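Presented below is the structure to which this report refers.
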Amino acid sequence: MRDREARVALQRTLYASRNPTRRYLHTERRQWIEERIAAMGSRRCALEVGPGSGVYLPALSRTAGRVLAVDRDEAHLEGARGARESCTAPVDVVLADLRSPPFRDGSVDLLLCSEVVEHVVPGPGLLDGLARVLAPDGEMILTTPQPFSPLELLGRIAFLPGIVHVLRWIYREPVEPTGHINLLHRRDLEAAIAEAGLEVLERECLGFYLPVIAEFFGAGGQRFLARMDHRLRGSPAEGLLWTQCYRLRRRGGTA
């Protein structure tokens, strides 16, 4: 439980990090998601799978008349409950798993699954449960890290003995293991999307990180990395960007 609570506390910290690049990487993804939510117009029911600290629930509540927050981790649901006071629509919190959300088929017309699938044990039918509850005219926003981005590659050594203590000293804020066990290459993720009967409306990659520049060059380093971020988008080297972002609908849907 202590590790789970630490991850929730970390999620709250990231969007207000004192490190400009760390803050940029997370707020850029947040902006991309919230812009898509706002563009969807009025919706009946929104579902977020894996709400974490609840950072997206207020944006969902401004779009949907009812909001559902589902997680298999009670500590994360506590974070969602804490975000209710910032929401303008009712928020129901449900303990359940991504693979089998306990809702009627086609009952959700806005579904958000951000930075979740990388924490789920790999296997067939990864997105089937989400596709099942998505309405024919609904849309789904899905984001997950890219496996060969510098941030993920370096994250594999960041928690070796001694290194994590240096990182915590540099950042002077929580640095915790990511818990990523299912990093999907584009071809594998899009195969899972197609297998679930979903199709891609929009795809974009974003978020460039380089060590040393991010840690020691402050705001100037962040501006340089942001320029590189935009140059790499849509290029043959976009696999270096941290996050892959999708807007999806059911195949043949009317969103």
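Each value in this text was obtained by applying a stated rule to the coordinates, not by laboratory testing. None of the values given here were measured: they were computed from a predicted structure. Every residue, glycine as well, gets a Cβ built from its backbone with ideal geometry; the counts of neighbours run over all protein chains shown.
Data overview
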item	result
J(HN,Hα) series, region 46-55, from Karplus relation 6.51 cos²θ - 1.76 cosθ + 1.60, nearest Hz, glycine and proline x	10, 10, 10, 9, x, x, x, 7, x, 5
Binned Cα-Cα distance frequencies in the chain - 10 Å width, integer %	7, 31, 37, 21, 4, 0
Cα centre as origin, Lys/Arg/Asp/Glu Cβ charges: region 115-166 dipole, Debye	240 debye
Nearest-0.05 FRET efficiency for Val166 and Arg44, computed from C-beta distance (R0 30 Å)	0.05
Nonlocal amide H pairs with Leu47, under 5 Å, H built at 1.01 Å	Leu68, Leu110, Leu111, Leu112
Chain lengthening between Arg18 and Ser235 when straightened (0.36 nm per residue, less Cα-Cα)	75.1 nm
Magnitude of the charge dipole, the chain, Cβ model with Lys/Arg +1 and Asp/Glu -1, debye to 20	520 debye
Three-way shape call for region 113-206 based on the alpha-carbon gyration tensor, with the a/c threshold at 1.5	prolate
Charge-dipole axis of the chain as Lys and Arg at +1 and Asp and Glu at -1 on Cβ define it, positive-most pick from Val212, Leu134, Val49	Val212
Semi-axis lengths (Å, descending) of the ellipsoid that matches the C-alpha gyration tensor of region 164-255	32, 18, 11
For region 93-162, the spread of Cα positions along each principal axis, largest first, Å	49, 25, 22
Scattering profile of region 26-94 at q = 0.15, 0.16, 0.24, 0.25 Å⁻¹ [log10 I(q)/I(0), Debye over alpha-carbon scatterers]	-0.41, -0.47, -1.03, -1.10
Extension reserve of the Leu154-Ile181 stretch, reckoned as 0.36 nm per residue once the Cα distance is removed	8.2 nm
R0 of 25 Å, Cβ-Cβ distance Ala219-Arg62: FRET efficiency to nearest 0.05	0.25
Relative contact order %, the chain, counting alpha carbon pairs below 8 Å whose residues are six or more apart	21 percent
Euclidean distance between Cα centres, region 56-117 to region 189-255, Å	23 Å
Among Ala158, Thr143, Val93 - extreme Cα towards positive end, dipole of region 90-225, charges at beta-carbon	Ala158
Point-to-point label distance, Glu202-Asp128, nm (Cα→Cβ direction, 7 Å offset)	3.0 nm
Given charges at beta-carbon only (K, R positive; D, E negative), |dipole| of region 106-255 in Debye	360 debye
